[in-house]
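Just so it is clear, none of the values below were taken in a lab; they were calculated from the coordinates. Note that the structure is a prediction, hence the values are computed from the model and not measured. Using ideal geometry, Cβ is built from the backbone for each residue, glycine included, and neighbour counts are taken over all protein chains shown.
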Amino acid sequence: MINYWPLKYETPDVRRRTVDGLRALRKRIREAMPGTTLHDTLVLGTWNIRNFDDNRFGHGPRIKESMYFLAEVVSAFDVLAVQEICRDLGPLKQLIRLLGPNYDYIVTDVAEQDGGNRERLGFLYNKAKVRFKGVAGEMVLPVKDLIGHGGKRLQPARSPFGCEFQAGWFRFLFTTVHIYFGKESRGTPEYARRVAEIDAVAANIAQRAEKEPCSYILVGDFNIDKMGDPSGNALIRNGFQAAQNNMGSNADRTKFYDQISWLPRKGTVRQTRSDRNQGVLDVLPAVMGEDRFPDYRKAVEATVRGQLDKARTERAELAAKGKDSAAADKRIDKLEALLADADGLKDYYLKIWRTFQISDHLPLWVELSIDFSAEYLTRLRNMPGIQTRDNVEIPL
């Protein structure tokens with residue numbers, strides 16, 4: 001249960017906005033996703049939570065209600081892989097406090113290498129449902145499998161991160177990735193590097209899975225345009241089954257970057273038979289839709305004023321050094337015009353600002369069966385026995 005009680009200390013406006021958003025979001029979750037169960041099913045997902053939360057791009061930081069909205073989404077999952085967690089873990093700890101004592105996290109160190117963007121990968125999970133089994137590690141490719149790019153042999157830009165968990169009867173090695181992006185267009189060296197990185201990661205996991213006694217689940221932001229293109233086929237080539245993301249998981253539902261895939265061991269990765277056992281949770285319209293721009297206009301204006309103050313400081317520093325300030329002047333003019341343009345502010349709110357409050361990606365989820373007790377009883381019944389000294393047959 002989310003810790004809603006701190007809201008009573010907020011101003012009436014903040015409290016009203018937050019409660020209205022939470023009500024709409026809870027309704028959206030009820031309509032789109034299955035509820036969590038204690039023993040029968042596992043709601044597993046992945047979410048690129050966009051630059052959480054160092055405000056390096058100047059479109060934030062996240063305001064108070066945004067943290068409640070993020071916590072509400074996370075609470076709909078038993079275990080959630082998260083990408084783009086930043087160096088400062090303060091915002092993540094704040095999120096965990098809102099989620100309450102049943103939730104915990106495991107994250108990587110910061111990716112400092114080229115293309116890593118100083119990001120972390122991690123998992124948020126409900127300890128009452130999911131147990132961390134003590135095994136965790138970042139993938140390091142063998143030298144023979146390094147990724148070729150620009151005459152170099154490279155590790156993945158952000159090391160894939162895997163942890164072993166157990167929920168009910170289901171034991172699984174859960175790995176998350178944030179694959180190198182580069183340039184979007186096919187035929188570029190950057191696109192080739194992206195495809196090669198997916199190929200190398202998937203092949204490495206497939207090789208490991210042959211030697212391990214648990215199922216492997218691979219999720220994350222693959223930067224795949226769509227399944228069926230070379231980047232998407234890299235998963236299929238290596239034997240992965242995918243909960244096909246055919247609905248688009250970026251903010252405007254046009255890209256298919258995020259994927260959930262698995263290598264089942266003896267059929268133990270089983271989607272439930274429900275008619276809604278996978279999907280994309282469309283968060284933004286519920287909490288920061290077009291109709292809610294008036295509620296957030298002051299916060300949007302404050303963000304733009306912060307950008308304007310920064311640009312003016314930059315111009316003054318350039319002038320003091322006798323350097324050309326034309327670029328800063330142009331940026332200042334643009335920001336001043338934006339503050340005076342209601343339609344422009346609304347467009348900025350919809351296309352940029354709210355995606356740095358929630359995310360420019362949407363959570364992707366699947367519901368899996370984790371109760372294998374019926375099958376186990378069948379195996380026990382059919383198991384051959386051995387004779388004891390008292391001529392009593394007991395199962396092997």
Revision key, fill the gap. Over all pairs of different Cα atoms in the range 289-354, the reciprocal of the mean inverse distance gives a Kirkwood radius in Å of 12.7 Å
Review point. Normalised by the residues of the range 289-354, what does the relative contact order come to in percent, with Cα pairs under 8 Å and at least six apart?
Key: 43 percent
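Tell me, W365, W353, W169, W47 in order of fewest to most beta-carbon neighbours within 10 Å?
Numbers: W365 25, W353 21, W169 14, W47 30.
Listed from fewest to most nearby Cβ atoms, that is W169, W353, W365, W47.
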Review point. What ranking do F170, F181 get, fewest neighbouring Cβ atoms within 10 angstrom at the top?
Key: F181, F170
Practice item. Apply the Karplus parameterisation 6.51 cos²θ - 1.76 cosθ + 1.60, with θ equal to phi minus 60°, to every residue of the range 82-96 and state each ³J(HN,Hα) to the nearest whole Hz, in sequence, with x for glycine and proline. Key: 10, 10, 6, 7, 8, 4, 6, 8, x, x, 5, 5, 5, 4, 5
Check your understanding: Kirkwood Rh, Cα Rg: Rg to Rh for the range 177-335?
Key -> 1.16
Exercise for review: Give the Cα extents of the range 135-212 along the principal axes, in whole Å, largest first.
Suggested key: 45, 25, 17
Exercise for review: Starting from the Cα of K144, draw a straight line to each of the aspartates and glutamates and keep only those under 18 Å, dropping any in the same chain fewer than 8 residues away.
Suggested key: E197, D199
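Relative contact order of the chain: what whole-number percent is it, with Cα pairs under 8 angstrom and at least 6 residues apart?
Across the chain, relative contact order equals 20 percent.
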Review point. Does the range 269-325 come out rounded, prolate or oblate, given a ≥ b ≥ c as the square roots of the eigenvalues of its C-alpha gyration tensor, rounded meaning a/c under 1.5 and, failing that, prolate meaning a/b above b/c?
Key: oblate
Study note, to complete from the structure: The equivalent-ellipsoid semi-axes of the range 1-159, taken as the square roots of five times the Cα gyration tensor eigenvalues and listed largest first in whole Å, are 32, 21, 13
Practice item. Calculate the length of the line joining the C-alpha centroid of the range 34-109 to that of the range 200-217, in whole Å. Key: 27 Å
**Study point:** For the chain, built as a Gaussian network whose Cα springs stay under 10 Å, the top-fluctuating residue of G21, G122, G35
**Key:** G35
Check your understanding: Q259's amide H: which non-local residues (gap 5+, or another chain) put their own amide H closer than 5 Å, with H modeled 1.01 Å from N in plane and none for Pro or chain starts?
Key -> G220, F222
Review point. Counting DSSP beta bridges with both partners in the chain, what percentage is antiparallel, nearest 5?
Key: 75 percent
Check your understanding: So how far, in whole Å, is the C-alpha centre of the range 117-191 from the one of the range 224-303?
Key -> 17 Å
Check your understanding: What per residue convex hull volume, in Å³, do the alpha-carbon atoms of the chain yield?
Key -> 181 Å³
Practice item. Enumerate the lysines that K298 could reach by cross-link, defined here as Cα to Cα under 29 Å, with residues fewer than 8 away along the same chain left out. Key: K8, K27, K64, K93, K310, K330, K334, K346, K351
Practice item. Using a 10 angstrom cutoff on alpha carbons, build the Gaussian network for the chain and name the most mobile of N55, N126, N382. Key: N382
Study note, to complete from the structure: Comparing G116, G228, G279 in a Gaussian network model of the chain (Cα, 10 Å), the one with the largest mean-square fluctuation is G228
Check your understanding: What nm distance separates the two modelled labels at K298 and K133, each placed 7 Å from Cα along Cα→Cβ?
Key -> 5.2 nm
Study note, to complete from the structure: Within the range 58-90, DSSP-loop chymotrypsin sites (Phe, Trp or Tyr not before Pro) with at most 16 other C-beta atoms within 10 Å are none
**Study point:** Footprinting exposure proxy for D343, D221, D329 (fewest neighbouring C-beta atoms within 10 Å first)
**Key:** D343, D329, D221
